[in-house]
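Novice: Supplied in C-alpha cells, the structure appears directly below.
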Amino acid sequence: IITSKLSFNMLVPDAVDAKFLHLFTGNETRYRVELWNIDDSTGIDVETLYWQGFLLPEMYREPYENGCFFVEFTATDRLSIMKDLFLGSWYYSAELPVSEVLAVLLKSTGLVQNLLIDPSLVPISAGYDFRNVTVNLKPYWNDGSLTSCYAVLEDILKSLGLSVMCFRGLWICQGMTKRHNTVATFYEFDTAGKSIGLRNYT
C-alpha cells in the first residue's frame, strides 16, 4: 500500500493571524486538494490532474512572525486512515468480484475515482480472466468482530501480488512483476468496480 501526501503553503501577505483558520475542521474529508498541471506550450491549455487528496486539519501550522509569511498545509490520500474504518456489516457475508471489493475499500478513503489493475496473477482457464476472480469476505467477520478496511485491502493485495497508489485521479493497482514496464495494459473499472474495458497506460 503506497500512501502519498502533498505538502504546500499559502502566502499571508497582510500578516493577519489565523488567516486560514476556517480550514481547521474535525471533518477529514471536508476539503479536497487537487494538484493540476497546465501545459500551454501548444497554445492550448492542456490540463492534467496529477494527484488529489484531503486536507489534514491537524497538520495546520502557522509561524509566529510579523510581516508576510507562509502557512504550511499537508493533504493525504487517506489510505492509512483505513486502519480505523470498516465495511458495512452486510459485506462480511458476501463473495464479490475482486474489483468490486477493491472499489468499495478504496472508496472508504473519501476519494471516488476509477480503478486500474495490471495483475501479475491471472487465471489460465479459457474464457476466464482476472475480472472473474472473486473474494470471499466471510473470514473477515469473527463472532461480531469486523476486520478493518486496511487489513482486508492488505490481504487482497498480498494474495494477488499487487501494490496500490493514488495517481492522476485514479487508483492504480499493479502487479509486482509488472512494475518495471513503462507501458502497460490495465483492466479499467469504474468507481463501483464494474468493468469498463482495457486501457493502455504509459
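The values are calculated or read from the model by the stated rules, or taken from the named source; none is laboratory data. In this text the structure is predicted, and so the values were computed from the model without any measurement. Methodologically, a virtual Cβ is constructed for each residue, glycine included, from the backbone with ideal geometry; neighbour enumeration extends over all protein chains shown. Keep in mind that these areas ignore ligands, DNA and RNA; they rest on the heavy atoms of the full protein, side chains included. Shrake-Rupley method; radii C 1.70, N 1.55, O 1.52, S 1.80 Å.
Novice: Checking K178 against (1) closer than 25 Å to V33 by Cβ; (2) modelled with pLDDT under 95; (3) among the charged types (D, E, K, R), only one condition comes out false. Which one?
Specialist: Among (1) closer than 25 Å to V33 by Cβ; (2) modelled with pLDDT under 95; (3) among the charged types (D, E, K, R), the lone unmet condition for K178 is (1).
Novice: Let me ask you something else. Residue by residue through region 79-137, note down the ones that are under 21 Å from the mean Cα position of the chain (by Cα) and charged (D, E, K, R).
Specialist: Residues satisfying the conditions are K83, D84, E100, K107, D118, R131.
Novice: Still on this structure, please answer the following. Please go through region 106-146 and pick out each residue that is more than 18 Å from G175 (Cβ to Cβ), aliphatic (A, V, I, L, M) and surrounded by 15 or more Cβ atoms within 10 Å (Cβ to Cβ).
Specialist: Those that are more than 18 Å from G175 (Cβ to Cβ), aliphatic (A, V, I, L, M) and surrounded by 15 or more Cβ atoms within 10 Å (Cβ to Cβ): L111, L137, L146.
Novice: Please enumerate the residues belonging to region 2-17 that are part of a loop (DSSP other than H, G, I, E, B) and in contact with an Asp or Glu (Cβ under 7 Å, 6 or more places away or on another chain).
Specialist: Answer for region 2-17, where residues must be part of a loop (DSSP other than H, G, I, E, B) and in contact with an Asp or Glu (Cβ under 7 Å, 6 or more places away or on another chain): T3, S4.
Novice: Can you pull out every residue in region 130-147 that is of a type in the set (S, T, Y), under 14 Å from G88 (Cβ atoms) and out of contact with any Leu (no Cβ under 8 Å at 6 or more places or on another chain)?
Specialist: Result: T147, single match.
Novice: How do the pairs read when you match residues in region 18-32 that are closer than 9 Å to L55 by Cα and among the hydroxyl-bearing types (S, T, Y) with residues anywhere that are in a loop (DSSP other than H, G, I, E, B) and open to solvent by less than 80 Å² (accessible area, probe 1.4 Å), using Cβ under 9 Å and keeping only pairs 6 or more apart or on different chains?
Specialist: Between residues of region 18-32 that are closer than 9 Å to L55 by Cα and among the hydroxyl-bearing types (S, T, Y) and residues that are in a loop (DSSP other than H, G, I, E, B) and open to solvent by less than 80 Å² (accessible area, probe 1.4 Å), the close pairs are T29/R78; T29/T109; T29/G110; T29/L111; Y31/T25.
Novice: Determine which single condition G193 fails, assuming it passes every other condition in (1) more than 16 Å from P97 (Cα to Cα); (2) touching an Asp or Glu at 6+ places or on another chain (Cβ under 7 Å).
Specialist: (1)
Novice: Tell me which residues, restricted to region 84-105, are within 19 Å of R199 (Cα to Cα), open to solvent by 40 Å² or more (accessible area, probe 1.4 Å) and either free of Cβ contacts under 8 Å to residues at least 40 places away in the same chain or among the hydrophobic types (A, V, I, L, M, F, W, C) (or both).
Specialist: Answer for region 84-105, where residues must be within 19 Å of R199 (Cα to Cα), open to solvent by 40 Å² or more (accessible area, probe 1.4 Å) and either free of Cβ contacts under 8 Å to residues at least 40 places away in the same chain or among the hydrophobic types (A, V, I, L, M, F, W, C) (or both): there is none.
Novice: Can T48 be described as touching a residue at least 12 places away in the same chain (Cβ under 8 Å) and farther than 18 Å from V71 by Cα?
Specialist: Yes, satisfied.
Novice: Moving on. I'm trying to understand the selection: among the residues of region 95-114, which are within 20 Å of N27 (Cβ to Cβ) and part of a helix (DSSP H, G or I)?
Specialist: Of everything in region 95-114, those that are within 20 Å of N27 (Cβ to Cβ) and part of a helix (DSSP H, G or I) turn out to be L106, K107.
Novice: Okay, moving on. Hey, any hits in region 156-167 for a residue that's touching a residue at least 12 places away in the same chain (Cβ under 8 Å), open to solvent by 70 Å² or more (accessible area, probe 1.4 Å) and under 12 Å from the mean Cα position of the chain (by Cα)?
Specialist: Yes, some residue in region 156-167 is touching a residue at least 12 places away in the same chain (Cβ under 8 Å), open to solvent by 70 Å² or more (accessible area, probe 1.4 Å) and under 12 Å from the mean Cα position of the chain (by Cα).
Novice: Applying the selection to region 1-27, what residues are within 30 Å of V152 (Cα to Cα) and open to solvent by 50 Å² or more (accessible area, probe 1.4 Å)?
Specialist: Once the filter is applied, which keeps residues that are within 30 Å of V152 (Cα to Cα) and open to solvent by 50 Å² or more (accessible area, probe 1.4 Å), region 1-27 yields I1, I2, T3, K5, S7, G26, N27.
Novice: Output the residues belonging to region 180-202 that are under 18 Å from the mean Cα position of the chain (by Cα) and either without any contact (Cβ under 8 Å) to a residue 24 or more places away in the chain or open to solvent by 70 Å² or more (accessible area, probe 1.4 Å) (or both).
Specialist: Of everything in region 180-202, just one residue is under 18 Å from the mean Cα position of the chain (by Cα) and either without any contact (Cβ under 8 Å) to a residue 24 or more places away in the chain or open to solvent by 70 Å² or more (accessible area, probe 1.4 Å) (or both), namely K194.
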